[in-house]
Amino acid sequence: MTAVGGRVGAGPGVDAAKPGGRTREPGGGAPEPRDGALARRRRRRAAQRAMEADTGLVHRRWWTPYLFLAPGLTMVALFSLWPFVNTVVLSFTDAQILRGGTFVGLDNYRRAFADPDFWVATGNSVLYLAVVVPCLVFLPLALAVLVQAGIPGIGFFRSAFYTPVIASAVVVGLIWQWVLRSDGLVNTVFDRLNLISEPVPFLTDSTMLLVSAMLVTVWKGLGYYMVFYLAALGNVPASLHEAAAIDGAGPVRRFFSITVPQVKPMMLLVGTLSAISALRVFTEIYILGGESGGPGGGARTLPFLIRQVGLGFSGETGYASAISILLFLLTLVFSLLGRRLSKGDES
């Protein structure tokens with residue numbers, strides 16, 4: 001510091017000759033009294049404390065909300081993000097259950113594309129999707145329309161339709177296994193009615209097993225997606241149906257001309273969700289067809305194949321991880337397709 005004309009320099013922008021020195025603003029504007037700035041800060045703090053006392057809301061630092069998010073984010077990182085990243089890494093190695101692996105590049109992916117079992121499982125998964133998704137898009141909509149119609153006693157059926165949703169998938173599979181086996185309910189009824197000469201191989205033929213599993217998936221998902229449609233139908237203006245009825249439109253015409261266009265965004269959402277679920281199906285195949293996935297493994301889907309390849313003392317974790325990534329990419333394609341259709345419908 002230097003003494004100039006009896007004054008001690010206190011640094012740039014500060015006049016130290018007066019107790020209440022003035023601070024110049026960086027832009028070269030008029031200097032502002034330091035005491036005035038302190039007074040304003042005190043007034044702001046006082047006003048903030050008064051607001052907290054009146055409203056009960058306490059001002060927090062900018063990072064306070066992240067403290068509340070931290071437990072959830074930690075769980076997501078540990079049980080979702082890290083396993084996904086680890087699966088991607090393992091897909092490029094020859095790792096097994098009991099030993100680490102070495103980097104093998106794209107060998108696991110080349111092996112998958114040359115593996116007949118992979119293509120059988122992929123075909124079954126895509127076929128499963130092609131059959132189940134249309135059923136789960138249109139049948140729950142029809143049920144929702146019937147439930148909303150206010151028919152006497154419909155409350156019982158609304159509960160009955162939703163009961164399979166809250167039941168365990170394993171319990172549902174065991175029930176249908178008892179119904180569809182060679183000496184089960186269906187074959188017994190058919191035999192008593194002289195409709196068959198030998199039991200229908202619902203669970204002993206690969207194709208029939210796949211169809212039976214699709215039936216179980218549709219039966220279990222009807223009530224779940226019916227609730228989606230009930231929420232969408234509640235937003236359809238009643239005036240549209242009233243105007244159409246005055247113009248002479250019947251129930252069927254009103255359904256296709258009013259109801260379907262109004263709930264189309266929900267139909268796209270249901271289609272996307274059911275497609276993702278169809279590609280991930282495992283329990284139905286496992287319960288109905290056993291650990292082999294039906295005779296010769298002919299009813300295996302991609303999740304079933306991943307389980308077979310990756311488990312056991314000789315499980316090939318690297319190869320199973322590569323199939324998992326391919327399943328993820330296939331699921332991503334259908335998810336993006338649903339999103340694209342949804343955006344096109346909104347526009």
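The values are calculated or read from the model by the stated rules, or taken from the named source; none is laboratory data. Since the structure is predicted, the reported quantities are computational estimates derived from the model, not experimental observations. Cβ atoms come from the backbone with ideal geometry, glycine included; neighbour counts cover every protein chain shown. Accessible surface areas use protein heavy atoms only, side chains included; no ligands, DNA or RNA. Shrake-Rupley method; radii C 1.70, N 1.55, O 1.52, S 1.80 Å.
State which residue is surrounded by the fewest Cβ atoms within 10 Å (Cβ to Cβ) when the search covers only the stretch 189-210 and only residues that are within 20 Å of ALA130 (Cβ to Cβ) and in contact with a helix residue (DSSP H, G or I) (Cβ under 8 Å, 6 or more places away or on another chain). Only one residue fits best here, namely ASP205. Consider the stretch 293-347 and keep the residues that are of a type in the set (Val, Ile, Thr) and surrounded by fewer than 20 Cβ atoms within 10 Å (Cβ to Cβ). The one that is modelled with the highest pLDDT is ILE325. Quick one: is VAL179 over 29 Å from the mean Cα position of the chain (by Cα) and within 17 Å of LEU222 (Cβ to Cβ)? So VAL179 passes the test.
Cβ-Cβ contacts under 8 Å between residues 6 or more apart (or on different chains), taken from a first residue in the stretch 154-174 that is in contact (Cβ under 8 Å) with a residue 40 or more places away in the chain to a second residue that is open to solvent by 80 Å² or more (accessible area, probe 1.4 Å), are listed as TYR162/TYR224; PRO164/TRP219; VAL165/TYR224; VAL172/TRP219. When the stretch 112-138 is examined, which residues are found to be over 21 Å from GLY293 (Cα atoms) and either surrounded by fewer than 17 Cβ atoms within 10 Å (Cβ to Cβ) or among the β-branched types (Val, Ile, Thr) (or both)? Passing the criteria: VAL133, PRO134, VAL137, PHE138.
Selection of helices (runs of 4 or more DSSP H) fully inside the stretch 15-104 by the criterion of at least 1 residues being modelled with pLDDT of 65 or more and within 30 Å of ILE325 (Cα to Cα) returns 64-76, 82-90. Of all residues in the stretch 240-282, those that are in a loop (DSSP other than H, G, I, E, B) and open to solvent by 50 Å² or more (accessible area, probe 1.4 Å) total 4. Please go through the stretch 111-153 and give me each residue that is small (Gly, Ala, Ser), free of Cβ contacts under 8 Å to residues at least 40 places away in the same chain and over 18 Å from TYR224 (Cβ atoms), ordered by number. Correct list: ALA114, GLY123, ALA130, ALA149, GLY150, GLY153.
The combined condition, being in contact (Cβ under 8 Å) with a residue 60 or more places away in the chain and farther than 28 Å from GLY271 by Cα, is fulfilled by ASN108.
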